Structures are given as structure tokens and as C-alpha cells.
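The values are calculated or read from the model by the stated rules, or taken from the named source; none is laboratory data. From a predicted model like this one, the values you see are computed outputs, not experimental measurements. Ideal geometry is used to build each Cβ from the backbone, glycine not excepted, and the neighbour counts take in all protein chains shown.
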Amino acid sequence: MSNYIVLVKQVPDVSQITDNAFNPETGTLIRTRLASVINELDTQALAFAHYMKKLSCDRQGQMIALTMGPPMAEEVLRYSLSRCVDKAVLLTDRALGGADTVATANPLAFAVRKIVKELFKNDNDYYVVSGMQSVDGDTAQVPPQMAEELGLPCIAYVTGAEFKNGRFEFTRIISGGSQVVAAKKLPAVITVAKHEFPLYATFSKTRWANQTPVITWGSEDIKATYFGVKGSRTAVIRVFPPGKSTRKCRQFKDAGMLTKVLVDSFKGGNGETERAGSVRTRNYVLPHNRESLLDRRFEGTQKEQEDYEILSEKLRELGIKDAHQIDDAVRQKILQKAGEHFHDKAMEDMINGLKLTEPVFKGEVWVVAEHSEGVIHPATFELVGKAHELAKSLETKVGVCLAGHRIEPMAKELIAAGADNIYLVEDEFLEVFDPAAYRKAVADAIRTYWPQIVLFAATPQGRMLAPMVSYRLECGLTADCTGLDIRDSSRKGEIALLLQTRPALGGNVMATIRTKNSMSQMATARPGVMKRMPPNPSRKGKIIRHKVELSEDDVSLEIIGTELGAGSVNFGAEVIVSGGKGMQNRDNYVRLLTSLCDALKNRLKVPVEHGASRAAVEQGFAERIRQVGQTGTSVGSKLYIALGISGAIQHMIGVANTEMIVAVNSDPNAPIFRQCDYYIVGTVEETIPQLVQALEKV
Ligand SMILES: Cc1cc2nc3c(=O)[nH]c(=O)nc-3n(C[C@H](O)[C@H](O)[C@H](O)COP(=O)(O)OP(=O)(O)OC[C@H]3O[C@@H](n4cnc5c(N)ncnc54)[C@H](O)[C@@H]3O)c2cc1C
């Protein structure tokens with residue numbers, strides 16, 4: 001008999017954003033103007049836990065919903081009670097507010113311990129089930145960090161379950177395919193990526209849910225170790241509106257017109273499109289290498305930058321070249337000249353900042369490599385390229401932590417891609433990726449060498465491993481970054497911080513985040529955004545072997561089967577035509593895509609390849625190897641045609657580097673229309689033959 005604790009969260013309804021929800025001056029969202037709803041993936045987690053209970057024919061197991069939030073978060077517990085749970089626990093306390101993922105995972109883990117002790121009477125046969133991520137934070141970090149605190153196996157990105165021989169086997173999403181796994185021991189944490197069988201409330205259940213008391217605990221009841229702002233290891237320093245998409249988003253009513261523009265611009269070249277969300281800035285220079293120590297061009301916020309510009313100008317006017325020359329008389333003069341811009345204390349902090357030259361963090365810039373079957377994930381090369389740029393600014397080296405078994409041959413490729421030192425952690429228990437074994441190995445290497453920055457790819461593997469490693473090492477972590485820059489906060493006495501910029505609230509705002517109270521600054525970075533360096537086989541690097549004691553006990557999951565794409569596909573082609581679930585069936589996918597690909601090949605005289613969305617692959621329309629996206633392949637073709645594809649972020653990540661995107665979709669509100677260059681609203685069945693005909697005529 002298993003018990004279940006389902007994590008649910010109240011989030012702003014980002015699907016119903018009205019114009020007045022934006023601050024007209026800053027362009028950022030005013031959260032209080034958004035309705036609050038239960039996080040969509042948590043409703044799926046509730047239904048999934050209910051499904052697990054039914055699968056195992058387990059009538060005795062208890063189901064508890066747990067949430068942490070303000071008192072009004074009780075609403076999501078009532079929702080959960082009306083669907084399937086027996087009891088609901090609300091963790092609410094002002095002291096818990098303002099938390100990052102570490103300071104959220106920690107109190108939740110302590111609440112889980114209390115539930116197990118008091119409600120399950122110390123019965124350790126239980127699952128913690130949650131949505132893969134919440135739509136406001138989009139980090140996917142809390143469940144693995146909770147698992148780390150509780151010392152439990154974590155199975156993330158689950159899409160299905162079967163109950164066999166007295167245990168659950170879970171299907172989960174991995175890079176390049178899917179995998180069936182079972183936890184080697186219970187309890188375990190499961191995160192649900194998709195479960196499309198919603199639960200509905202009956203009238204009587206709703207009445208019962210509204211009358212049932214919710215168990216309410218405060219900070220004192222659970223005695224967490226890290227909570228609230230103080231327990232957090234990251235801090236948001238800036239929130240700003242996302243840059244406008246540089247895609248043209250132009251609708252065509254007529255296939256002939258679209259074909260003409262497409263053929264013309266394809267011939268002429270469309271120029272490189274700046275990728276959404278990427279932040280392009282000047283490369284950072286350490287203070288001791290700047291022309292003058294008064295030069296503070298690299299402050300983290302615009303206000304700090306502007307204040308320093310004013311201060312430096314006044315100092316120059318007074319003939320001061322060095323902050324040590326500033327005495328009381330100079331201070332008075334500055335205040336007279338610039339008093340309206342900053343007061344005494346601020347000026348004093350800024351003057352102290354001018355004397356600083358040493359970075360706060362020391363050590364190399366590291367990338368944790370991801371690989372499978374002897375092949376390094378492309379995102380690792382992109383991160384090595386970024387690490388190279390950061391390390392150059394910080395005057396340090398690029399290290400790559402390469403963990404696995406029989407992996408040394410990959411070191412050469414990583415060195416050619418920009419790595420200086422390869423930290424090789426080889427062990428037979430690292431033959432395949434196991435989150436618990438890998439987090440032990442990687443964390444041990446980091447703890448030995450303490451790099452100042454550690455980057456992971458924001459793939460399912462990286463977004464699973466990084467939260468566990470960072471939690472174990474008591475370091476902050478920022479998820480899914482699209483911008484990484486070094487900047488100072490001289491006024492606060494900090495030089496050369498890693499500023500981590502990422503989309504939040506479903507991409508409606510961008511947030512810049514910094515690490516605090518940590519030995520190392522850690523981030524996962526979105527694949528397809530950072531640039532890889534052209535490989536240089538003559539580059540020299542060092543291999544440093546790092547031994548970690550691992551045993552069978554460190555392996556948390558039994559891998560029952562892995563399905564990866566087989567065969568070959570030419571995603572280097574200049575044109576890629578992809579079909580999604582909107583192709584309706586395999587016959588349409590093959591017939592319609594082939595006709596369009598042939599017409600494009602004939603007209604443009606360039607290689608053309610078929611691609612697919614993950615949903616199309618799961619429907620059996622196309623082979624796994626053809627999947628484009630976060631867990632498929634990232635492509636950088638000249639032209640990408642998306643047919644019957646909605647434009648989910650995980651798909652669009654894979655096409656961010658393409659020059660031109662054309663979409664056909666029958667839904668006039670399809671999200672892909674806001675992320676493409678040209679589009680036609682229409683069914684694929686009607687539009688593709690029209691495009692083919694037009695291509696033959698142009
Ligand atoms: C961890 C994780 C990793 C993932 N990795 C990937 C990935 O690598 N790649 C990927 O693609 N997805 C990935 N996904 C899945 C992703 O979230 C979406 O579910 C998926 O991209 C949807 O595929 P789709 O657009 O084909 O299907 P849907 O979202 O179902 O969209 C189908 C579209 O077809 C349109 N349509 C329907 N009928 C017609 C018609 N007759 N003519 C024209 N249009 C029609 C509809 O309007 C709709 O917009 C991942 C998800 C997770 C959780």
C-alpha cells in the first residue's frame with residue numbers, strides 16, 4: 001500500500017493576461033492584476049497520482065495535497081480535495097515568503113517529513129508527485145531539490161506509468177527519446193510532464209471539499225533549515241519586458257504570395273535573425289585591465305551604472321584619478337555638484353567600490369558535459385563556447401566536468417571546442433545517467449576544485465542534475481538562462497558577478513538573477529541560445545582524473561528500457577519541413593510533407609529534410625530521429641517550415657537559430673504565429689497542395 005503526497009501550487013493565470021496587467025512605464029507584469037489558478041501541470045499530477053493509486057488497486061493508500069503559499073493558496077487545496085485527495089496541508093507563514101527554489105524545496109521537504117510522521121504514522125511507502133514545473137517560475141528545480149533534501153530517488157518528466165510485479169514502471173522524457181524506469185527504493189519523487197486525463201469534481205465532492213478543514217502549519221511547525229529571503233541563494237536584481245521578437249510574424253492569405261516572398265528572400269538571404277531572449281552586451285573586462293579604476297562601465301543595474309557615470313565625471317572635473325585621493329574636501333565638492341543624484345551613504349559606498357579590483361568569486365568556469373552513447377550533446381559545445389567567453393573576461397580557464405564510463409575519447413573533442421581542463425570522473429556506476437550517482441560524482445568534483453561558475457545544459461538531464469548538485473553544495477541555481485553576463489555591483493562591494501537572465505511567467509517577463517551565499521554560481525542555459533566555437537583540433541588541454549567512491553547503493557533507478565532515435569537524418573539541410581500533430585495521421589505526414597519537400601527541392605535546388613514535433617513522433621507519424629526541439633535536435637537551417645505545429649516552447653527552442661520560419665496552422669491563435677516570419681491560417685490538407693502548386697508556377 002502506497003501513500004501519496006501531491007504538491008500543488010497557486011500561480012498567476014498567464015494565459016489570460018489583459019493589457020492592464022502590464023505596468024505601462026516598465027512594461028513588466030503586475031502580478032496582483034492576474035487571476036490566480038492552480039498550476040496546470042499540478043492538476044495533471046493530481047490526476048496522475050489518482051491514476052497510480054487505481055493502477056495498483058490500492059484502496060487503503062492516503063492522498064494528501066500539500067502547498068506552500070499565502071492563506072489564499074487554500075483555494076488550490078479545495079480544488080485538490082474536490083478532485084481526489086483525502087486531506088490537505090497548507091504551509092503558510094510570512095517568514096516563508098520571498099523564497100527561491102532552495103528555500104521553497106527545503107520547507108516543503110520538512111513538511112513532507114511531518115506528514116509522514118503524523119499522517120502516515122512513519123510509513124515510508126509513499127510517493128511525492130508534482131507537476132514538472134510551475135508556470136510562474138518555470139524552473140523544474142523544486143522537486144529534485146526536495147528529493148535531495150529527503151535523500152530520495154527522483155524520476156522527472158514522467159508521461160506514463162504501468163504497475164507490474166508489485167511496482168511502478170514509469171515512462172519519462174529524455175534527450176533524444178524516452179525511457180522506462182523504476183525507483184530502486186521507496187519513497188520516491190515523481191514529476192509529471194504530461195497526463196491528459198483530467199479529473200472533474202462532482203457536486204457532492206465540491207461540497208465536501210468546501211467543508212473539510214485544511215491542516216495549516218507555519219514556519220515554527222516544520223522548523224526548516226533554509227526558508228524565506230534569508231534562506232535563498234539567488235536574488236532577482238531586475239525584471240524587464242522581453243525584447244520584441246525579431247521575427248516578422250506576417251500573415252499571408254494566399255499561398256502564391258507566400259511562395260514568391262519565400263523564394264525571393266531565400267535566394268537573397270534573410271540575414272541572421274537575432275534570437276529571442278538572448279542578451280547581447282559588451283564583453284566584460286576586469287577593473288585592473290580597464291584604462292582607469294574610475295571606469296565602472298560594467299555595473300549590474302542601469303541605476304548603478306548611471307550613478308557611477310555621474311561620480312566619475314565629477315571626479316574627473318576635480319582632477320582625481322584614483323579613489324584613494326578622495327578626501328573630505330573632495331567628498332563635499334561631489335555632494336555639492338551631484339547631491340541630487342545620491343546621498344552621503346550611497347556616495348561613500350560608491351567610493352569604496354571604486355577601490356575594488358578583486359572578483360568576489362575565484363576559480364575556473366566549468367561546464368558539466370552531457371553525453372549519451374559516446375556522443376556529446378550539442379548544448380554542451382554551446383556552453384563550452386560561452387564558458388570560453390566568460391573565462392576570457394575573468395582571466396581564468398575553462399573546465400569541463402566529464403562524468404561517465406569509458407568516456408576519455410570525448411575529452412579531445414571538448415578541448416577542440418574550447419575547454420582547457422577536462423575533469424574526468426570515470427566509474428562503472430556512471431555507465432548510464434542515473435541522477436543520484438551522477439549528482440554525487442559531479443558534486444564531489446566541484447567541491448574539490450570549486451570553480452566560480454558551473455553551467456549545465458537546460459535539457460531534461462541538466463535540469464534534473466543541476467538542482468540536486470547545487471542543493472547538495474549549498475549553491476544558488478538559476479534555470480533555463482538565455483543570457484549570461486559578468487557584471488559588477490561595485491557599490492555593494494562585489495566585482496565580477498555572473499548575471500543570469502531568463503524568461504519567467506511563461507515568457508511574459510525577463511528576470512536577471514544573481515547568486516548569493518554560495519561558493520559557486522550555477523545556472524542551466526537553454527540549448528540553441530549560446531554560440532559554440534568553431535572546433536580547433538590543434539588546441540591543447542589537460543585531463544585531470546578525479547576519483548569518486550561509488551557503489552551500487554548510489555544508483556537510484558533501474559533502467560528498464562530506452563527508446564532513442566535510430567538511423568540518420570540530414571538536419572544540416574538548408575530547408576527543413578516539419579510536421580506536427582496537426583498533420584492528423586502518418587499518411588498525411590508522409591504524403592503531404594514529401595510533396596512539399598520535392599517541390600521545394602526542385603524549385604530551390606537545395607537539400608530539404610523532413611522533421612517532426614515530439615507530439616507527431618509520439619503519434620507514430622515520424623521516427624524519433626526526426627524530432628526537432630529541446631529533447632530532439634536543434635536545427636539552424638535557412639528555412640524552417642512548421643506544418644500543424646502549435647509552437648510549444650520545447651519545440652521552438654530547437655529552431656531558434658533558423659533564419660526564417662514559416663508556419664501553417666488552422667488555429668488563428670496558434671502560438672507559433674507569434675514566433676515565425678510568415679504564416680498562413682489554414683489546414684495542412686488544403687494549404688500544402690496550394691503551396692506545391694504555387695512552387696511549380698513561380
Ligand atoms: C521535457 C519536455 C521536452 C519536450 N521536448 C520537445 C521537443 O524536443 N520537441 C517538440 O516538438 N516538443 C517537445 N515537447 C512537447 C511540447 O511541449 C509539445 O507538446 C509539442 O511540441 C506539441 O507538438 P505539436 O505542436 O505537434 O502538437 P500540438 O501542440 O497538439 O499542436 C498541434 C497543432 O496543429 C494544429 N492543427 C490541428 N489540425 C490541423 C490541421 N488540419 N491543419 C493545420 N493545423 C492543424 C492545431 O491548431 C495545433 O496548433 C517536450 C515536452 C516536455 C515536457
**Message:** Among (1) on the phi > 0 side of the Ramachandran plot; (2) within 13 Å of the ligand (Cβ to nearest atom), there is one condition Ser634 misses while meeting the rest; what is its number?
**Reply:** (1)
**Request:** Kindly check whether there is at least one residue in region 316-337 that is crowded, with 19+ Cβ neighbours inside 10 Å, in a helix (DSSP H, G or I) and modelled with pLDDT under 90.
**Result:** yes
**Qualifying position, being part of a strand (DSSP E or B) and either surrounded by 15 or more Cβ atoms within 10 Å (Cβ to Cβ) or on the phi > 0 side of the Ramachandran plot (or both), among Val6, Val112** = Val6
**Request:** Restricting attention to strands (runs of 3 or more DSSP E) lying wholly within region 365-444, give those where 2 or more residues are farther than 14 Å from Ala457 by Cα and in contact (Cβ under 8 Å) with a residue 24 or more places away in the chain.
**Result:** 398-404, 421-426
**Asked** Which of (1) in contact with a helix residue (DSSP H, G or I) (Cβ under 9 Å, 6 or more places away or on another chain); (2) touching a residue at least 40 places away in the same chain (Cβ under 8 Å) is the odd one out, the single condition Glu169 does not satisfy?
**Response** (1)
**Message:** Going residue by residue through region 588-602, is there one that turns out to be surrounded by fewer than 20 Cβ atoms within 10 Å (Cβ to Cβ) and either within 13 Å of the ligand (Cβ to nearest atom) or closer than 23 Å to Phe673 by Cα (or both)?
**Reply:** yes
**Request:** Looking only at region 506-514, decide whether some residue is surrounded by fewer than 22 Cβ atoms within 10 Å (Cβ to Cβ), touching a strand residue (DSSP E or B) at 6+ places or on another chain (Cβ under 7 Å) and not in a strand (DSSP E or B).
**Result:** yes
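Tally time: how many residues in region 397-422 are among the polar types (S, T, N, Q) and surrounded by fewer than 20 Cβ atoms within 10 Å (Cβ to Cβ)?
So the count comes out to 0.
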**Message:** Filter region 207-260 down to the residues that are over 34 Å from the mean Cα position of the chain (by Cα), more than 30 Å from Tyr640 (Cβ to Cβ) and in a helix (DSSP H, G or I) and list them by number.
**Reply:** Arg207, Trp208, Ala209, Asn210, Gln211
**Prompt:** Regarding Ile641, is this residue at pLDDT 95 or above, within 13 Å of the ligand (Cβ to nearest atom), assigned to a loop (DSSP other than H, G, I, E, B) and at negative phi?
**Reply:** no
**Complete:** Per the filter on region 666-693, residues assigned to a loop (DSSP other than H, G, I, E, B), within 12 Å of the ligand (Cβ to nearest atom) and charged (D, E, K, R) are Asp667
